[in-house]
Amino acid sequence: MRRFGRGNAVWDTLSKKNGSVFENEISRNSFKIFNRQSMSKRRRVALLIESSNAYARGLLQGVVRYIREHSPWLFYIPEQGRGDVPPGWLANWQGDGIIARIENEKIARAVAASGLPAIDVSAARMLPSLPWVETDDAAISRLAAEHLLDRGFKNFGYCGDARFNWSNWRAEHFEKYIRDAGGKCHHYQTAITLPAPLEEQVSEIGKWLRKLPKPVAVMACYDIRGQQVLDACRNVGLSVPDEVAVIGVDNDALLCDLSSPPLSSVIPNTQRTGYEAAELLDKMMSGRTVEAKAHLITPVGVATRQSTDTLAVDDPNIARAVRHIREHAFEQINIESVLKVVPLSRRLFESRFKKCLGHTPHEEIIRVRMNRVKEMLTETDLSLADIAERTGFEHVEYLSAAFKKREGVSPNRYRTQNQK
């Protein structure tokens, strides 16, 4: 018997040996949270979510966080991969609710036939009648675009997978952000039928990359595709990040660190997504009405690794100034202190800076600080005063006003909406 968790929430591998009382026979590859004393009082919830990738594991962790803060549930979790058929026991299962990644018709039919309250955590949208909790693809693409634009690139590419809605949505938003910023985006259109052997996919991506103007910055639809782009660069002799900068999505730490070079990635708030799904399901199981609409969760930020650690700026003085700002933005830095590292007049410096990056040096300082503020609001419990001190803001009132003007919400509201 395997045990995970704490307190009364115990993960048990069900078998005939442990003598557990349960209403239906569950396949031996299934798990559930089990507690003998309060089993009759706990709601039974099926989690049809794979655990084979970082994104899905984040969803599960978010669900666990919700039940630790509220009433525990009994979880029924089949061992399945993404897109697998539903477990056989679901057809006759007497449960209370379902959270599912509905990515094929068989799963959709099984969830619909159950008649139970259910939440969809897939972008496939095969059951439009269900509430849907997913990452905000527009916000993900915006973060990727801003990250690459901040590095001075003028040429961009998007390498996606047309089989998936989320990839197509990210492509649409990324291309729009790039066009609005005055850049040009090249979209990868595969000449092969997917899925195809990995070597064939990498070869096709390599052919596409060789035709792009250099230097170029590429957004991959997710980390696996990003790793394939890096492999393709290596195969065709393109230098990363100097000729091709690459950013993925999901921040699968193991996959990103195993990539060569390590892959930068947008960080989705997967735990918040799972938490939101559990909260909505709890309302439905309590008899409350939840509208069948999209509940989109904004990403946390960008994890910068070697694959985008470059500046595609032809002017060496501006490149030096940008590096100085990013290294010292959290100190009492201003334009005068930046001018000490570049042999230019203030007027000429500001003109060249805006030409290269599309915004002023002061805006760059604020941007770097604000990105760090958002990270600390999301990832720590530090007070706003402590955050202001650590990010170069002299007064917490100024930080609050500047943050609300830039983000549209107060720092406290942002923390509530996005904290994992």
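The values are calculated or read from the model by the stated rules, or taken from the named source; none is laboratory data. Remember, predicted model here, so these are calculated numbers, not experimental data. Here Cβ is always computed from backbone atoms with ideal geometry, including for glycine, and neighbour counts include all displayed protein chains.
Please count how many residues of the range 153-183 are in contact (Cβ under 8 Å) with a residue 40 or more places away in the chain, part of a helix (DSSP H, G or I) and of a type in the set (A, V, I, L, M). So the answer is 1. Would you please name the residue that is nearest to Thr190 (Cα to Cα), looking only at residues in the range 225-239 that are part of a helix (DSSP H, G or I) and out of contact with any helix residue (DSSP H, G or I) (no Cβ under 7 Å at 6 or more places or on another chain)? My answer is Arg225. The number of residues in the range 184-209 being in a loop (DSSP other than H, G, I, E, B), surrounded by fewer than 19 Cβ atoms within 10 Å (Cβ to Cβ) and at pLDDT 90 or above comes to 1.
The residue list Ile297, Ile333 contains one member that is without any contact (Cβ under 8 Å) to a residue 60 or more places away in the chain and either within 30 Å of Arg43 (Cα to Cα) or of a type in the set (Val, Ile, Thr) (or both), which is Ile333. Every residue in the range 91-134 that is assigned to a helix (DSSP H, G or I) and not charged (D, E, K, R), please. Those that are assigned to a helix (DSSP H, G or I) and not charged (D, E, K, R): Ala91, Asn92, Ile107, Ala108, Ala110, Val111, Ala112, Ala113, Ser114. Considering only residues in the range 104-122 that are within 25 Å of the chain's Cα centre (by Cα) and crowded, with 21+ Cβ neighbours inside 10 Å, the one that is farthest from Gln61 (Cα to Cα) turns out to be Ile107. Per the conditions (1) touching a Lys or Arg at 6+ places or on another chain (Cβ under 6 Å); (2) of a type outside the set (Lys, Arg); (3) in contact (Cβ under 8 Å) with a residue 40 or more places away in the chain, the sole criterion not satisfied by Thr360 is (3).
Looking across Asn251, Asn235, one residue alone is buried (at least 19 other Cβ atoms within 10 Å of the Cβ) and polar (S, T, N, Q). It is Asn251. Of the helices (runs of 4 or more DSSP H) that lie entirely inside the range 240-343, those containing 2 or more residues that are under 15 Å from the mean Cα position of the chain (by Cα) span 253-258, 270-285. Residues in the range 281-302 that are surrounded by fewer than 17 Cβ atoms within 10 Å (Cβ to Cβ) and small (Gly, Ala, Ser) were compared, and the one that is nearest to Leu339 (Cα to Cα) is Ala294. Of all residues in the range 79-108, which are in contact with an Asp or Glu (Cβ under 8 Å, 6 or more places away or on another chain) and modelled with pLDDT under 90? If the condition is that a residue be in contact with an Asp or Glu (Cβ under 8 Å, 6 or more places away or on another chain) and modelled with pLDDT under 90, then Gln80, Gly81, Arg82, Gly83, Asp84 are the ones that fit. Applying the condition of being hydrophobic (A, V, I, L, M, F, W, C) and part of a helix (DSSP H, G or I) to the range 378-400 and asking which residue is surrounded by the fewest Cβ atoms within 10 Å (Cβ to Cβ) yields Ala385. Listed by first and then second residue, the pairs linking a residue in the range 261-272 that is surrounded by 22 or more Cβ atoms within 10 Å (Cβ to Cβ) to a residue that is of a type in the set (Lys, Arg) and part of a helix (DSSP H, G or I), with Cβ atoms under 8 Å apart and 6 or more places separating them unless they lie on different chains, are Thr270/Arg57; Gln271/Arg65. Between Glu350, Glu375, the distinction of being surrounded by fewer than 18 Cβ atoms within 10 Å (Cβ to Cβ), part of a helix (DSSP H, G or I), under 31 Å from the mean Cα position of the chain (by Cα) and in contact (Cβ under 8 Å) with a residue 12 or more places away in the chain belongs to Glu375 only.
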